Amino acid sequence: MEIGGIQALRAWRKGQSGTVALVPTMGALHSGHQALMDRARESADLVVTSIFVNPLQFGADEDFVKYPRPFTADKALCEEAGVDFVFAPAVGEMYPSAPEVRVSSGRMGEVFEGAARPGHFDGVLTVVAKLFTLVKPDIAVFGLKDIQQYCLVRRMIEDLNFDLELVGLPVVRDPDGLAMSSRNTFLNAEDRSAALAIPRALEAAVEVASQGAGPGDVERAARVVLDAAVTAGGIDVDYLSLVDAGNLQPCPNDFRGSALLLVSAIAGATRLIDNAPFEF
Ligand code: PAF
C-alpha cells in the first residue's frame, strides 16, 4: 500500500492501467468505511482511499481543528481492507490559498442538512470535484446514510459531466434497526430507545407503500410514529419529508418516480439522520 499527497498520487496513477475505485473519507475510519472499501475492492482493480479533513465543509461554529485524526489506526484499517493508495494530502496542498472558484450545490444544498449547515455542501462538492480530478477514478463509492451528500454528488456528476460510475452503499443498521453512525456512541440507553422511533417511522412508511399507498399517505405513516414518540418524550424532530430523489423537492401526491423519505431527529442531545428509498 502506498501513501502520499498530490505528487505521489499523480506519479502512482500514471503507472496504473487497471480500473480505479475511490472511497473519499475524512478519516476516523470505522466499519462503515470498511464496507465502502470492501465494495470498492469488488468493483475495480485498484482502490484509492482519500483521508482529508476538508476545512471548506466546516462552518465557523464547527470544530475543524478538533475533528479526530487517528492516522495510524486509519492506515492500518486501509491496509487490512486491501487499499492500494491512501491519498492523504496536506491542507496547504489542496488549498494553497483560499479557493476563489468553488462548486455551488444550488438549491439542493440549501435544504435539510444544508439549512442547518450553510455552505457545507458547497465545501463537500468542491473537495469531491478536486478528488475526482486528482484520482481520476472509474468508480466512486459513497454511503447512502448521508443521502443528501450522495444525491448532490450524483447531480454534480451529471451536471458537470464527470466520467465515472457512482456507487451508493445502503444504510447499515444495528440489530435494533438504528442506522450505524459514529454519533450513536453519544446516546445513553434512554436516548437510544427514543431514537428507535426513527427506524420505526421509516418501517411504517415502507409498510404502507408496499400496500400501494401514495406519497401523502407514506409520509403521514412515518409522521404518526414520530409524533407519538415526540409526545412520549426524549426525541424532537428536525425534519421529515418525502422528496423527489432527483432534486430533493417535496413530492406532490401524484408524484411518479424515485423518492426518498428523509428524517432528522434529536435524541437526547444527539442529532441523527436516516432515510428510506421509495418508487412510485
Ligand atoms: O462524507 C465525508 O466523509 C465527506 O463529506 C467527504 C465526502 C469525504 C468529503 O470531504
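Starting from the Cα gyration tensor of region 221-280, take the square roots of the eigenvalues, sort them a ≥ b ≥ c, and report rounded, prolate or oblate (rounded when a/c is under 1.5, otherwise prolate if a/b is larger than b/c, else oblate). Prolate shape, in that a/c is at least 1.5 and a/b is the bigger ratio. In this structure, MET1 and VAL206 have a Cβ-Cβ separation that, at R0 = 51 Å, corresponds to a calculated FRET efficiency of about 0.80. Distance distribution note for the chain: the fraction of Cα pairs above 25 angstrom is 50%. Judged by the mean number of other Cβ atoms found within 10 Å, the most tightly packed of the peptides 51-61, 259-269 leads the ranking 259-269, 51-61.
When a/c reaches 1.5 or more, the comparison of a/b and b/c decides; with that in mind, is region 1-46 rounded, prolate or oblate per its Cα gyration tensor? Taking the square roots of the gyration eigenvalues as a ≥ b ≥ c, region 1-46 is oblate.
With a Förster radius of 25 Å applied to the beta-carbon distance between ASP227 and ASP174, the computed FRET efficiency rounds to 0.55.
For a test of the definition: using alpha carbon positions, the gyration tensor, and the 1.5 limit on a/c, classify region 143-244 as rounded, prolate or oblate.
It comes out oblate by the Cα gyration axes.
Grab the beta carbon distance between GLU79 and SER17, set R0 = 25 Å, and tell me the FRET efficiency rounded to 0.05. Given R0 = 25 Å and the Cβ-Cβ separation, E is 0.60.
Here's the list of aspartates and glutamates a cross-link from LYS136 could span, going by alpha-carbon distance under 13 Å and ignoring same-chain residues fewer than 8 apart: ASP163, GLU165.
Using just the helices of the chain, give the 222 nm mean residue ellipticity in deg cm²/dmol: DSSP H runs with n ≥ 4 each add -39,500 (n - 2.57), and the total is spread over all residues, rounded to 500.
-11500 deg cm²/dmol
Scaled against 2.2 N^0.38 Å for its residue count N, the alpha carbon radius of gyration of region 1-106 is 1.13. Extension gain, ARG107 to ASP236, is 43.9 nm, computed as 0.36 nm per intervening residue step minus the present C-alpha separation.
Taken together, the values in this text are just the output of simple stated rules run on the coordinates, not laboratory data. Just so it is clear, the model here is predicted, and its values are computed rather than measured. Counting neighbours? That spans all protein chains shown, and the Cβs are built from the backbone with ideal geometry, glycine included.
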